[in-house]
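This report concerns only the one structure given below.
Bear in mind these aren't lab numbers, they're just calculated from the coordinates by the rules spelled out. No experiment lies behind these values; they were computed from the predicted model shown. All Cβ positions, glycine included, derive from the backbone under ideal geometry; neighbour counts span all protein chains shown.
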Number of protein chains: 2
Amino acid sequence: MSKPAIGFCGLGAMGFGMATHLVKQGYEVTGFDVWQPSLDKFKAAGGIPSTSLFESAKDKTFYIVMVATAQQAQTAIFGDGTGKDEGILKGLPQGVTLLLCSTVPSEYAKSVEKELKDVGRDDVFFIDAPVSGGAIRAADGTLSIMAGASSAAIDKGKWLLDELSAPTKLFVVAGGVGAGSNMKMVHQVLAAIQILSVSEAFGFAAKLGLEGTEVREKVIKSEAWSWMFENRSVRTLTEDYFPGASAVTIIVKDTGIITSMARLLNFPSYLVSAAEQVYFAAVDKGYGANDDAGIVRLWTSEPVNSVKSTLSPEEKETKLDFVVSLLTGIHLVAAVESIAFAKHVGLPLPQLYELAVEAAGGSTQFKGFGTKLISILENGTGEEEVRDHLGRLKAAVNEAQTLKCPLYLGGAALNLLVSANASLEGLLKLYTVR
Amino acid sequence: MSKPAIGFCGLGAMGFGMATHLVKQGYEVTGFDVWQPSLDKFKAAGGIPSTSLFESAKDKTFYIVMVATAQQAQTAIFGDGTGKDEGILKGLPQGVTLLLCSTVPSEYAKSVEKELKDVGRDDVFFIDAPVSGGAIRAADGTLSIMAGASSAAIDKGKWLLDELSAPTKLFVVAGGVGAGSNMKMVHQVLAAIQILSVSEAFGFAAKLGLEGTEVREKVIKSEAWSWMFENRSVRTLTEDYFPGASAVTIIVKDTGIITSMARLLNFPSYLVSAAEQVYFAAVDKGYGANDDAGIVRLWTSEPVNSVKSTLSPEEKETKLDFVVSLLTGIHLVAAVESIAFAKHVGLPLPQLYELAVEAAGGSTQFKGFGTKLISILENGTGEEEVRDHLGRLKAAVNEAQTLKCPLYLGGAALNLLVSANASLEGLLKLYTVR
């Protein structure tokens, strides 16, 4: 077939990359944004800029919405109700394929499907298709995508999802519209916890008198590795927070989706909730628009890379070990929280594993324990003691106490490990409502 | 008998009150302190000041140690090991009765008993006797006292414990030395949580646009009442933090005793741990020497009583209700955490109830649910659903999320209630190691 024209709404960091990638692949892409500089940049990159949602949608048989929030998506799709801005739906032709790639509550994605029907537009092939991978992979067309929709809609949109994702990273999630967003949500459980764990670890390390570069080197070679740590620590060490690459407000939004849904569905999101309070404190400090790696400033007003260590090699090893133990313990419990939530909302667990292990939520702990946790939940086998994790996390929390260093996640993870008596099954049971 | 001379070490806020109360009762009290102004004040109040531990102890058949920490107690009793300061033990005559009234880990109290034996001084009648009630009750001789010792030591020291405590507030805790400190520790679980809950509630209220005086009025008449709230909120409303009456460092010390012991004994101290991290953040902000009511400044830099409400009466009622719901939920889980810890360390639960319900740890929730919780633990009966607590706490946490207001305790308490499916028995099970 000849390459169809594509409409696109939302030329932010992610959307701009996705839209220009499609331009490079030879598609005619009409892009809408409210921010004129983005439209100018998009034009310079070969796109067709548009200042009207309606015009951006007219006669497009494929349309992608990649705005920041559910509220923005609602206005973009259905208009703002004032008649001033009509939204794209009025412009979209019959039989259009519509991708919503924003991270939104699954309830919202389902409400779009319902509202389309209610307004007589069940001709629209709607795909709930949140993405993960960051701006670079967006621009490369190598995102991870979690897509939920009717099989008819998936059939229609698959080629476009393929264009945007890496070969093995398009995950069609069973369950229809909402399933993609649910999968993204449980993936973000890992992200929400592990983003804060970077700052908590560097804050602790600074109070231990460790040099930032040594901490980074040690952690990324250890069982405390996470994608977030490796990614964010580059910015921690250079104080590249202004604005950096991923604003605190973004993870605050995702965290809010998780904890709201957890409240709605009666799931105890212990660590994400603990993280959320600290994110609010960071926003209150005025860090909202800064990179999330900058949350370390809640622990230390001095740059992390200004610490000059005076420790002996043995002391240094002991203290680096505390940091590794802290992250290892947090990441293990994060794996449990994410997988237990996936189970709670009825998602296919092996697919979550496959997806997250190589995405932004990935960690050595998730990789090592994910299949065991899934096996316990699915087959009742795979029980394992993690007594070493417990003992080491205890030692780290103990040390932090002598330094009066807050470990919001470390403290919470430790109590869960204690209560579970260092058993994987015990941890999962803490997430199983009585 | 004629009134014996008493030795006293530690003329701080509590110790000064206790020692001068004994002076007023007609005892000859020799008081030691390292702070000369306290000695001067003590002399003016009719006491005998002493700048030597040894001298303060010489020929005293009764001696009271009321210093701030276990470390200070160790130096006071056994000397600092340098020979420069010999400590009281060398001065104390055979058969002396020694009261340690400081809040210390029970392990420390036990170590004193052992060390006395090891150095050949098992003639000392040693009583582990921490107190509660604040400086005013110390000076009135109406403290609550939790005493653990051999029955021989209790026989010897009971008259002195009676002098210091209110008629019904001397609690001799079965179990010997260490039992008094353990009882104090589980009482402080309530204190540690409920002190922070005052600031969390006022911080939330300020963000809700509520006036501080209205919040106070509402809360103390509601099921959200706690002794701490009624006591601390007076200082919150007047910003009486400098130094106020109870420094952050004091509750930090007590919290540390709780969480250290919880780690040692594998007890999951969920809420106290969450509180501890916030206390560390407060110390980091420089609030350590200020009154603990001033921790509200982590939420709002404006004085709480500067909020001028523009809410309609209905809005105000709804929002006041959120604050009441927050505190009610936290205090319920605090009651569970305290009673479960008491069970874990083997303390007599009815005695804890009797003690705490009228002490600084008291709350309407503890009073209402304490006996039911004890009945579940002791008889397996008394199960009750607290679904209303769950629903209301959810609504409060939900509202806080829209305001991006951190609820460290509220968020943690909610997850426990969710996991327990709003059952008292379920809550207790979360504190029972698998």
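Label-to-label distance, A:THR69 versus A:GLU163, with points set 7 angstrom from Cα along the beta-carbon direction: 3.0 nm.
How long are the semi-axes of the equivalent ellipsoid of segment B:182-430, defined as square roots of 5 times the Cα gyration tensor eigenvalues? Whole Å, largest first. Display every interim value, and only then the final one.
Working: eigenvalues 152, 90, 45 Å².
One finds semi-axes of 28, 21, 15 Å for segment B:182-430.
Given bins 10 angstrom wide, list per bin the percent of all Cα-Cα distances in segment B:252-309, short to long. Final binned percentages: 21, 42, 25, 10, 2.
Find the eigenvalues of the gyration tensor of the Cα atoms of the protein assembly as shown, then list the square roots of 5 times those eigenvalues as equivalent ellipsoid semi-axes, largest first, in whole angstrom. Mind showing how you got there, number by number?
Values: eigenvalues 668, 140, 118 Å².
So the three semi-axes of the protein assembly as shown are 58, 26, 24 Å.
Applying both filters, DSSP loop and at most 11 other Cβ atoms within 10 Å, to the trypsin sites (Lys or Arg not before Pro) of segment A:201-269 gives A:LYS221. Rounded to 0.05, the FRET efficiency of the B:ARG434 and A:LYS221 pair, given R0 = 25 Å and the Cβ-Cβ distance, is 0.15.
Going down the table (A:LYS110/A:LYS429; A:LYS343/B:LYS429; B:LYS58/B:LYS114; A:LYS110/A:LYS343), which pairs top 24 Å between alpha carbons?
On the way: A:LYS110/A:LYS429 30 Å; A:LYS343/B:LYS429 22 Å; B:LYS58/B:LYS114 22 Å; A:LYS110/A:LYS343 19 Å.
Table pairs above 24 Å Cα-Cα are A:LYS110/A:LYS429.
With a/c under 1.5 counting as rounded, go ahead and sort segment A:345-398 into rounded, prolate or oblate using the C-alpha gyration tensor (a ≥ b ≥ c being the square roots of the eigenvalues; past the cut-off, prolate if a/b is larger than b/c, else oblate). Note, shape of segment A:345-398 comes out oblate. Membrane-span-like helices in chain B, defined here as complete DSSP H runs extending at least 27 Å along the helix axis by their C-alpha atoms with mean Kyte-Doolittle hydropathy no lower than -0.5, are B:179-208, B:313-345; this is a sequence and geometry rule, not a statement about a membrane. Cross-link reach is defined here as a Cα-Cα straight distance under 16 Å, omitting same-chain residues fewer than 8 places apart; for A:LYS117 the aspartates and glutamates meeting it are A:GLU107, A:ASP128. Cα-based values for segment B:6-177, radius of gyration first and Dmax second, are 14.5, 43 Å. Of all aspartates and glutamates in the structure, those lying under 15 Å Cα to Cα from B:LYS221, and not within fewer than 8 positions of it along the same chain, are B:GLU230, B:GLU317, B:ASP321.
Set the bar at 20 Å for Cα to Cα. Now go through A:LYS253/A:LYS285; B:LYS218/B:LYS285; A:LYS184/B:LYS207; A:LYS207/B:LYS285; B:LYS3/B:LYS24 and name every pair that lies beyond it.
Values: A:LYS253/A:LYS285 17 Å; B:LYS218/B:LYS285 30 Å; A:LYS184/B:LYS207 31 Å; A:LYS207/B:LYS285 15 Å; B:LYS3/B:LYS24 12 Å.
Violating the 20 Å limit, Cα to Cα: B:LYS218/B:LYS285; A:LYS184/B:LYS207.
Note on B:SER52 and A:LYS117: the model spin-label points, each 7 Å out from Cα along the C-beta direction, lie 9.2 nm apart.
Find how many whole Å separate the alpha carbon centroid of segment A:196-269 from the alpha carbon centroid of segment B:40-108. If you average the Cα positions of each part, the centres end up 49 Å apart. Treating r as the C-beta distance of A:GLU383 and A:GLU358 and R0 as 35 Å, the FRET efficiency rounds to 0.85. Across chain A, the volume of the C-alpha convex hull divided among the residues equals 140 Å³ per residue. Within the same chain, aspartates and glutamates fewer than 8 places from A:LYS316 are excluded, and of the rest, those with a Cα less than 17 Å from its Cα are A:GLU211, A:GLU214, A:GLU217, A:GLU399.
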